[in-house]
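Below: one structure, written as structure tokens.
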Amino acid sequence: MGYADQIFISMCRDIIDHGVSTEGEKVRPKWEDGRFAYTIKRFGVVNRYDLAKEFPALTLRRTGIKSCVDEMLWIWQKKSNNINELNSHIWDSWADESGSIGKAYGYQMQVKHKYKEGMMDQVDRVIYDLKHNPYSRRIMTNIYVHQDLSEMNLYPCAYSMTFNVTKEKGHDKLKLNAILNQRSQDVLAANNWNVCQYAVLMHMLAQVCDMEVGELVHVIADAHIYDRHIPLVEELIAREPFPAPKFWINPEIKDFYAFTTDDIRLDDYQTGPQIKNIPIAV
């Protein structure tokens, strides 16, 4: 069994058995039929993944690694807020007629800020510091920008990455660790999707900055399972998991902006059947 499966099963079991229901409360999301989408949730879920030991892809069902990496690159590499530059349709419900999701996600990553070293956006600042100031405790991104929230079609869910570099005895290379902060997460639809996205991001940044990957710590303020998802989750976590897959990243790529989805791969990725037609609350 992969460690990601262990974490997922334990988290879902804890939410279902010990979570708090929002039924009857004033909630924003609704189902397609107009009914309110209630959840059962846990506050302050913290999961840790040692990327040096294995890649945290769920095997209970398949995570579409190419699609989730495409979305991550759309935000971090293309720094885009337009769905026409994205190869999936997961953002269609939040886009306007031009394809824009407003001043959200990639829009915030491409805004340049003035530093003493010059003008840089958030991504370039992270890469600069990892290369030149690796022991800085200020290497982070934040896309939850309050003055722009009214112009975002969806407030950011995964909103901040904080990077921290360590060096262990007997190791020649520095180790890249990170904390992913998420204000809210639909556990069935998005948990492993987000984990895989940011695990790949860490592998990419570590490679271009000549580091090894370390720990990804995922902090979720509101980890929830929607009411209509509970039977699906119960069936999913009752499955027999498989061993974790092997992660491959193209070793030739040394420029973060040169990566494509073809430069990563999961080998020996054996999984249970996909859950189709998961209802999504909007």
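The values are calculated or read from the model by the stated rules, or taken from the named source; none is laboratory data. This one's a predicted model, so the numbers in the text were calculated from it and none came from an experiment. Here Cβ is always computed from backbone atoms with ideal geometry, including for glycine, and neighbour counts include all displayed protein chains. Calculation scope for accessible area: heavy atoms of the full protein, side chains included, ligands and nucleic acids excluded. Shrake-Rupley method; radii C 1.70, N 1.55, O 1.52, S 1.80 Å.
In region 264-282, of all residues being under 19 Å from the mean Cα position of the chain (by Cα) and not in a loop (DSSP other than H, G, I, E, B), the one that is nearest to Gln77 (Cα to Cα) corresponds to Ile264. Of all the residues in region 23-53, those that are closer than 22 Å to His218 by Cβ and of a type in the set (Ser, Thr, Tyr) number 2. Being under 20 Å from His224 (Cα atoms), buried (at least 20 other Cβ atoms within 10 Å of the Cβ) and within 18 Å of the chain's Cα centre (by Cα) holds for only one residue in Val45, Val69, and it is Val45. Scanning region 188-209 for residues that are among the β-branched types (Val, Ile, Thr), surrounded by 23 or more Cβ atoms within 10 Å (Cβ to Cβ) and out of contact with any Pro (no Cβ under 6 Å at 6 or more places or on another chain) returns a single hit, Val200. Counting the residues of region 65-86 that are in a loop (DSSP other than H, G, I, E, B) and without any contact (Cβ under 8 Å) to a residue 40 or more places away in the chain gives 4. Only strands (runs of 3 or more DSSP E) whose full extent lies in region 121-189 are considered here, and the ones with at least 2 residues that are within 16 Å of the chain's Cα centre (by Cα) and of a type in the set (D, E, K, R) are 175-186. Can you say whether Val126 is over 30 Å from Asp268 (Cα atoms) and not small (Gly, Ala, Ser), as far as the supplied structure shows? Spelling it out, Val126 is indeed over 30 Å from Asp268 (Cα atoms) and not small (Gly, Ala, Ser).
Does at least one position in region 75-84 carry a residue that is surrounded by 14 or more Cβ atoms within 10 Å (Cβ to Cβ) and aromatic (Phe, Trp, Tyr)?
yes
With respect to the numbered conditions (1) hydrophobic (A, V, I, L, M, F, W, C); (2) closer than 30 Å to Ile264 by Cβ; (3) surrounded by 13 or more Cβ atoms within 10 Å (Cβ to Cβ), which one is the sole condition not fulfilled by Ile16? Of everything listed in (1) hydrophobic (A, V, I, L, M, F, W, C); (2) closer than 30 Å to Ile264 by Cβ; (3) surrounded by 13 or more Cβ atoms within 10 Å (Cβ to Cβ), Ile16 misses just condition (2). Looking across region 201-223, the residues that are out of contact with any strand residue (DSSP E or B) (no Cβ under 6 Å at 6 or more places or on another chain) and in a helix (DSSP H, G or I) come down to Leu201, Met204, Leu205, Gln207, Val208.
Here His146 meets each of (1) of a type outside the set (Val, Ile, Thr); (2) touching a residue at least 12 places away in the same chain (Cβ under 8 Å); (3) open to solvent by 20 Å² or more (accessible area, probe 1.4 Å) with one exception, condition (2). Scanning region 212-263 for residues that are farther than 17 Å from Asn191 by Cβ, open to solvent by 70 Å² or more (accessible area, probe 1.4 Å) and touching a residue at least 60 places away in the same chain (Cβ under 8 Å) turns up Pro243, Lys246, Tyr257.
Restricting attention to region 102-120, the residues being outside any strand (DSSP E or B), at pLDDT 95 or above and not aromatic (Phe, Trp, Tyr) number 8. On the basis of being at positive phi, surrounded by fewer than 21 Cβ atoms within 10 Å (Cβ to Cβ) and free of Cβ contacts under 8 Å to residues at least 60 places away in the same chain, does Gly34 make the cut? It is true that Gly34 is at positive phi, surrounded by fewer than 21 Cβ atoms within 10 Å (Cβ to Cβ) and free of Cβ contacts under 8 Å to residues at least 60 places away in the same chain. In region 92-141, the residue that is least open to solvent (accessible area, probe 1.4 Å) out of those that are small (Gly, Ala, Ser) and out of contact with any strand residue (DSSP E or B) (no Cβ under 6 Å at 6 or more places or on another chain) is Gly106.
From Ala95, Ala52, Ala104, grab the single residue that is under 30 Å from Asp268 (Cα atoms) and small (Gly, Ala, Ser).
Exactly one residue qualifies, and that residue is Ala52.
Looking across region 224-263, the residues that are of a type in the set (A, V, I, L, M, F, W, C) and either farther than 15 Å from Arg13 by Cα or in a loop (DSSP other than H, G, I, E, B) (or both) come down to Ala238, Phe242, Ala244, Phe247, Trp248, Ile249, Ile253, Phe256, Ala258, Phe259.
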